[in-house]
Amino acid sequence: MKKFISYLILVLLCSVIAPLSIHAEDAEQEDQEESESESKEEQKEDKIPSHVLTISKENTYPNSTKDEVVLEPSDLVEELIEDAEVKIENPDLIKMLNETSLKPSPIAFGYRGMIYLGHWPLSYKSDETNVNWEYQKINTNELNNLGGDNQKTMSYNQKEEKHVKGGLTAKIDRPDQIKKMMLLNAKENVDLPLSFHTVVGKGTKKDNSYGVPVKKIGSLSAFAPAVSEKGQVTFGEVYVELKGSKKRLVVKNVTKQGIGAWIPVQDHLSFSFQLK
């Protein structure tokens, strides 16, 4: 009898403790997911250093502010992409599929075939995104106060029009398509205006004043920042497989290649002031 009572007590304790343990694990998992989500948001919200200033209003050259157009697949193409065994994100490939007649024929009973669409970069996965705030020096202003009697002030004044260009760090097939995918990924990772080509116009000024004491020469350098984007591109041979009235995308000979790129930040400058 005592053994039965002990066994009953043990069962009751287990029935109480087990749900508590499960709830504790669920709560821990939710906290972990929230922490990871907050971490991703913190990474995206890159803190701009105090010596980096925006010149979007002051820039005498009007850089294009249009966002990269993200092409949406048609319903049929979206279904084909979802059923494919390899991830497909290349906007150019999606555009080509949208424009291709892929509607099933009701009289194609018993027909079989493969249509080769070519060797394509299918998707890009970002591994690392960093900002170099002094990517390219674009201007230097100097003020000589060696023979002066009082402290003088100086500020930024762009002497010449400067073009800042980014690009891929290695040769790769279909570079323009890969640059497009890398740009879209980089924009998701950093909250900055990005473009592979940006311009700072001649005569651009900023009211950031710096004091130059007597018997000193002040030197103010301006740098264009850029994002360093690194990751992997997935390539593959794309086919449309036909089986009667049904169609599906087949990807063969899948390969991966590491790639990096420099993508300039539009309408932002990093300043460095020195006295000598």
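The values are calculated or read from the model by the stated rules, or taken from the named source; none is laboratory data. These numbers were taken from a predicted model, which means no experiment stands behind them. FYI the Cβ positions are ideal-geometry reconstructions off the backbone, even for glycines, and counts take in every protein chain you see.
Filtering region 191-201 for residues that are under 20 Å from Phe273 (Cβ atoms) and among the aliphatic types (A, V, I, L, M) leaves a non-empty set. Considering only residues that are closer than 16 Å to Ala84 by Cβ and either buried (at least 22 other Cβ atoms within 10 Å of the Cβ) or free of Cβ contacts under 8 Å to residues at least 12 places away in the same chain (or both), which ones fall in region 237-267? Val238, Leu249, listed by residue number. Just so you know, in region 171-226 the residues that are in a strand (DSSP E or B) and in contact with a Pro (Cβ under 8 Å, 6 or more places away or on another chain) include one that is surrounded by the fewest Cβ atoms within 10 Å (Cβ to Cβ), and it is His197. Scoring Asp149 on the criteria (1) over 23 Å from the mean Cα position of the chain (by Cα); (2) in a strand (DSSP E or B); (3) charged (D, E, K, R) leaves a single failure, condition (2).
Residue by residue, here is whether (1) at pLDDT below 90; (2) over 29 Å from the mean Cα position of the chain (by Cα); (3) part of a helix (DSSP H, G or I) holds:
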position: Pro73; (1), (2), (3): yes, no, no
position: Val86; (1), (2), (3): no, no, no
position: Met96; (1), (2), (3): no, no, yes
position: Leu102; (1), (2), (3): yes, yes, no
position: Ile107; (1), (2), (3): yes, yes, no
position: Asp127; (1), (2), (3): no, no, no
position: Asn132; (1), (2), (3): no, no, no
